[in-house]
Amino acid sequence: MEEKTITDINAKIEEYKEVIAHFSSLLETENEALRKYDIDTVAALLEKKTGLVMSYRSMVAYFIKNQENFSRADLSNRQSLKEMSQKLDNLMKENDRLLKTKMETSRTIMDSIVRMAKAANTSNSASYGAEGKYTPVDNMQNALAVNKTL
């Protein structure tokens, strides 16, 4: 292998490590915001996170295509990349768990609000039946719109 190619792969590893470092930092911030229910911070990080994910995927694709060259890179460079990648993997798993938990919590809260609104609607509603008698309406089967600003 030419020296230039080894230099190139080592430079690419350094670039990959930089992407991992930025992505890890972002996930640490986002995970902390998720733990604190700081949705504004999570939303503010979305665009940057999307860009980092794209960069990360691009780097992963490059190293998959160049596995043979990667194995010839400096051992210390490969080892530090492996350690950083493991940390990032742990952060991504935690991020996935936190996001799923928050989404499930939000869904459960919204379901509870909808059930309470339907129950209130049912208890406050009545209609006249076929013989002109006053009867309760079954509004538990009706659709209910929820304003997203809640």
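Just flag the trypsin sites (Lys or Arg not before Pro) in the stretch 35-79 sitting in loop per DSSP whose Cβ has no more than 16 other Cβ atoms within 10 Å.
When the trypsin sites (Lys or Arg not before Pro) of the stretch 35-79 are filtered for loop state and at most 16 Cβ neighbours within 10 Å, 36, 72 remain.
At 0.36 nm per residue, minus the direct Cα-Cα distance, what do residue 83 and residue 112 gain on full extension? Give it in nm, one decimal, please.
Once the chain is fully extended between residue 83 and residue 112, it gains 6.1 nm.
Please express the shape of the stretch 1-107 as an equivalent ellipsoid: the semi-axes are the square roots of 5 times the eigenvalues of the C-alpha gyration tensor, given largest first in whole angstrom.
33, 12, 11
Step through the table entries 12/48; 36/82; 65/100; 12/65; 36/100, compare each Cα-Cα distance with 24 Å, and write down the pairs that go over it.
Going by Cα-Cα distance, 36/82; 65/100 fall outside the 24 Å limit.
Can you work out the FRET efficiency for the pair residue 37 and residue 96, with r the C-beta to C-beta distance and R0 = 22 Å, to the nearest 0.05?
0.80
Figure the gain on full extension for residue 72 and residue 28 (residue separation times 0.36 nm, minus the Cα-Cα span) and round it to one decimal in nm.
Extra length available between residue 72 and residue 28 comes to 12.7 nm.
On a full-extension model of 0.36 nm per residue, what is the gain between residue 48 and residue 105, subtracting their alpha-carbon distance, rounded to one decimal in nm?
Gain on extension, residue 48 to residue 105, equals 18.0 nm.
Computed from the coordinates by the stated procedures, all read-outs in this text should not be read as laboratory data. For clarity, every value in this text was computed on a predicted model and none was experimentally measured. Positions of Cβ are backbone-derived with ideal geometry, glycine not excepted, and every protein chain shown enters the neighbour counts.
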